[in-house]
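Data first, discussion second: the structure below is written as structure tokens.
The values are calculated or read from the model by the stated rules, or taken from the named source; none is laboratory data. Quantities reported herein were computed from a predicted structural model and do not represent experimental measurements. Using ideal geometry, Cβ is built from the backbone for each residue, glycine included, and neighbour counts are taken over all protein chains shown. Note: areas computed on protein heavy atoms with side chains; ligands, DNA, RNA excluded. Shrake-Rupley method; radii C 1.70, N 1.55, O 1.52, S 1.80 Å.
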Amino acid sequence: MKLMVVGGGGREHAIIKKLKENPQVEEIFALPGNGGIAADATCVNIGAKDIDGIVTFAKKNGVAYAVVAPDDPLVLGAVDALEAVGIPCFGPRANAAIIEGSKVFSKNLMKKYGIPTATYEVFDNADAALAYLDTAPIPTVIKADGLALGKGVIIAMTREDAKDAVRSMMLDKVFGKSGDHVVVEEFLEGPEVSVLAFTDGKTLVPMVSSMDHKRVGDNDTGLNTGGMGTVAPNPYYTADVAAECMEKIFLPTMNAMNAEGRTFKGCLYFGLMLTKNGPKVIEYNCRFGDPETQVVLPLLESDLFTIMQAVTEERLASTPVKFKDGHACCVVMASNGYPQAYEKGYEITIPAAVADTVYVAGATRKDGKTVTSGGRVLGVTAVADSLPAAIESAYRKVETIHFENAYYRHDIGARAMAAYKE
Ligand code: AMP
Ligand code: GLY
């Protein structure tokens, strides 16, 4: 069978490597893929947001199954468009992808169905938002409504920072139309946990939990990034917490989407904060997380393609989804300077001995070489019997990979170790 994976980052590389384990899979097209993914798939220079281009390519090239991985094409209706020409897909339709595409939608959904989240107010004009901030509890959190490349969230520690955030989103439109509506919400505290779940709208199966490291610097300092590393499972996410999340958050969310006529099929991502008043939803994503996928899929024992097809065909209840007992750690190697300006075009060397678990995000092919082309260049994952062994092994692999200007955090997993029990 010929498969197509839409997207071109480390997450897509991890998905592609896992899909290849299924002997039915003959060829995988990656649209657009990248210079590192090219070792595992046929990269096609069609952008992930070019829905017409994606559909035309899939029809012409006999694609039997498609995985749409990034948020943009999902929100834009890539799954709807592919299904319309008879191509089965993994991923939600646009009417369900809105759970990530609009923060106003997701906050209102949680309120309507009693799903625990930060209390909030929605504003559609700046004056009202600014007036509200005169008396709102501080710190507070300001969120642009639409997709904003993960940058649309401002944690304001002072009243003036909160007002500046509102002005830049609503008046200066730094995120374009995403700033037409903003959510001002309660500041929550506690360990963060990412839980990805397979769901076909009838059954929901959480995957192993994970912990992202969003700040660029060691000890969680510096700017927010797309994610500098991950570990799985997340030691803060105990069996008791998992049971509470299933009962109060995961199943109620699946049921709420069904009740709204927006059945969610695909991977639903729960960004949770474990507060002293119980777990609360920080955000939903309508897709696999990046770089969570790079630690979750290496721990998946069952066959990914079989599970994805079961989700599409609404047979998840009768399909085994098993994870290994081990631990995984992924360290992201970035271009120095990221998430701001950085140099690129440097050759990347990855020893064959570690290539299996290297997931490339920002690389291109040039003059027969693989060279850096992005801020986050690649993620290196190690799986081991214990968390400390996984961390140590991931860093040992990192030391064998070279490109000029490489930067990575040295403390991925350190926070998890604080809660880790052998
Ligand atoms: P998001 O883009 O929604 O994932 O938000 C980015 C990050 O901002 C999250 O991972 C949290 O660390 C933080 N954050 C978002 N909402 C809140 C909140 N209500 N209270 C505290 N931190 C938050
Ligand atoms: N790692 C967070 C995300 O994928 O949005």
Pair residue 132, residue 385: separation of 7 Å Cα→Cβ label points (nm): 5.3 nm
Loop-located GluC sites (Glu not before Pro) in region 1-89, at most 14 other Cβ atoms within 10 Å (DSSP): 21, 26
Loop-located GluC sites (Glu not before Pro) in region 122-189 whose Cβ has at most 10 other Cβ within 10 Å (DSSP): 189
Set of aspartates and glutamates near residue 276 by C-alpha distance (under 19 Å), chain-local residues within fewer than 8 positions excluded: 185, 186, 189, 192, 240, 244, 247
Per-residue HN-Hα couplings for region 213-222 [Karplus 6.51, -1.76, 1.60; θ = phi - 60°; Hz; x = Gly/Pro]: 10, 7, 6, 6, x, 4, 6, 6, 10, x
MRE, 222 nm, helices only [DSSP H, n ≥ 4, -39500 (n - 2.57), over the chain, to nearest 500]: -7500 deg cm²/dmol
Distance in nm between pseudo-label sites at residue 26 and residue 172 (7 Å out along the Cβ direction from Cα): 5.4 nm
Reciprocal of mean inverse Cα separation for region 1-146 (Kirkwood radius, Å): 17.3 Å
Linear extension gain, residue 365 paired with residue 318, 0.36 nm per residue minus alpha-carbon span: 12.7 nm
Vicinal HN-Hα couplings computed from phi for region 66-78 (Karplus, 6.51 cos²θ - 1.76 cosθ + 1.60; Hz; Gly/Pro x): 10, 10, 9, 9, x, 5, 4, x, 5, 5, 7, x, 4
Listed peptides 256-263, 373-380 by packing density, highest first (mean Cβ within 10 Å): 373-380, 256-263
Note, ³J(HN,Hα) from phi for region 374-385, Karplus 6.51, -1.76, 1.60, rounded to Hz, x at Gly and Pro: x, x, 8, 8, 6, x, 10, 10, 10, 10, 8, 6
Low-density loop cleavage sites - trypsin sites (Lys or Arg not before Pro) in region 21-80, where at most 14 other Cβ are within 10 Å (DSSP): 49
5 angstrom amide H check on residue 187, placed H, neighbours 5+ away: 141
Euclidean distance of C-alpha centroids, region 20-99 and region 147-218, integer Å: 26 Å
Accessible area of residue 315 in the full protein assembly, 1.4 Å probe (Å², nearest 10): 100 Å²
Surface per residue (accessible, 1.4 Å probe) for region 122-209, Å²: 44 Å²
Average projection area in nm² (convex hull over Cα atoms of the chain, one quarter of hull surface): 19.5 nm²
Sequence-distant aspartates and glutamates (8 or more away, or on other chains) whose Cα lies within less than 20 Å of residue 20: 12, 40, 290, 292, 301, 303, 356
Two-site FRET efficiency, residue 259 against residue 186, from Cβ-Cβ distance with R₀ of 45 Å, rounded to 0.05: 0.95
Cα-based reach from residue 173 at 17 Å (exclusive), listing lysines while leaving out same-chain residues under 8 positions away: 103, 143, 151, 163
Fraction of accessible area attributable to carbon and sulfur, the chain (%, probe 1.4 Å): 50 percent
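Ranked by accessible surface with a 1.4 Å probe, highest first, in what order do 51, 28 come?
From most accessible down to least: 51, 28.
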Unit Cα scatterers, Debye sum, region 340-391: log10 I(q)/I(0) for q = 0.13, 0.25 Å⁻¹: -0.40, -0.97
